[in-house]
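The values are calculated or read from the model by the stated rules, or taken from the named source; none is laboratory data. Worth saying up front: this structure is predicted, and the values here are computed from it rather than measured. Cβ: placed from backbone, ideal geometry, glycine included. Neighbour counts: every protein chain shown. Ligands, DNA and RNA are excluded from the accessible area calculation, which covers all protein heavy atoms including side chains. Shrake-Rupley method; radii C 1.70, N 1.55, O 1.52, S 1.80 Å.
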Amino acid sequence: MYRKVLVETEIQSGERLLEQLDLAKIPVTAAFWQYADDDAEWRLVIVSPYVETLGPRHLYASLGVMLKNPSGAPISIPMERIYLLGSHDVRYQQVRTAALGAGLSVTGGPARNVSGEDAYFYRVA
């Protein structure tokens, strides 16, 4: 089976969404695209302490508004492909350990075999 390629428009859309999160003062510990073999698709993973303090529903509601981007063109990432994790989530800790162990900087880029899957990092802390 073939693996889908993460295209430049997806990378740029992720950057635009992160800009919106920053403008809204929503803390983002890490953000990255991760290829999920089980779904054969790329997922945008956003790690924020708000997931643990306010709950994921609150953050998903904020993301829904940001994706429509009232101040500009809509951001073309389907909500189903965005996954929210808390900073203490074991899945994030595994990815973080693998990424930092591979020498990936805080302002990432592409990485292979991060917790067994490919990833593209915007931020990792």
Inspect region 52-72 for any residue being in a helix (DSSP H, G or I), in contact with a Gly (Cβ under 8 Å, 6 or more places away or on another chain) and open to solvent by 20 Å² or more (accessible area, probe 1.4 Å) and give the result as yes or no.
yes
Members of region 80-106 found to be β-branched (Val, Ile, Thr) and modelled with pLDDT of 85 or more, listed by number:
ILE82, VAL90
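Regarding ASP89, is this residue open to solvent by 40 Å² or more (accessible area, probe 1.4 Å) and more than 13 Å from the chain's Cα centre (by Cα)? Break it down into steps so the answer makes sense when it comes.
Details: open to solvent by 40 Å² or more (accessible area, probe 1.4 Å): no; more than 13 Å from the chain's Cα centre (by Cα): yes.
Against the criterion (open to solvent by 40 Å² or more (accessible area, probe 1.4 Å) and more than 13 Å from the chain's Cα centre (by Cα)), ASP89 does not qualify.
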Considering only residues that are open to solvent by less than 10 Å² (accessible area, probe 1.4 Å) and either among the hydroxyl-bearing types (Ser, Thr, Tyr) or in a loop (DSSP other than H, G, I, E, B) (or both), which ones fall in region 30-51?
TYR35, SER48
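When you check ALA24 against the structure, is it closer than 15 Å to ALA119 by Cβ, of a type in the set (Gly, Ala, Ser) and surrounded by fewer than 18 Cβ atoms within 10 Å (Cβ to Cβ), yes or no? So that I can check it myself, show each step before the final result.
Details: closer than 15 Å to ALA119 by Cβ: no; of a type in the set (Gly, Ala, Ser): yes; surrounded by fewer than 18 Cβ atoms within 10 Å (Cβ to Cβ): yes.
No, not satisfied.
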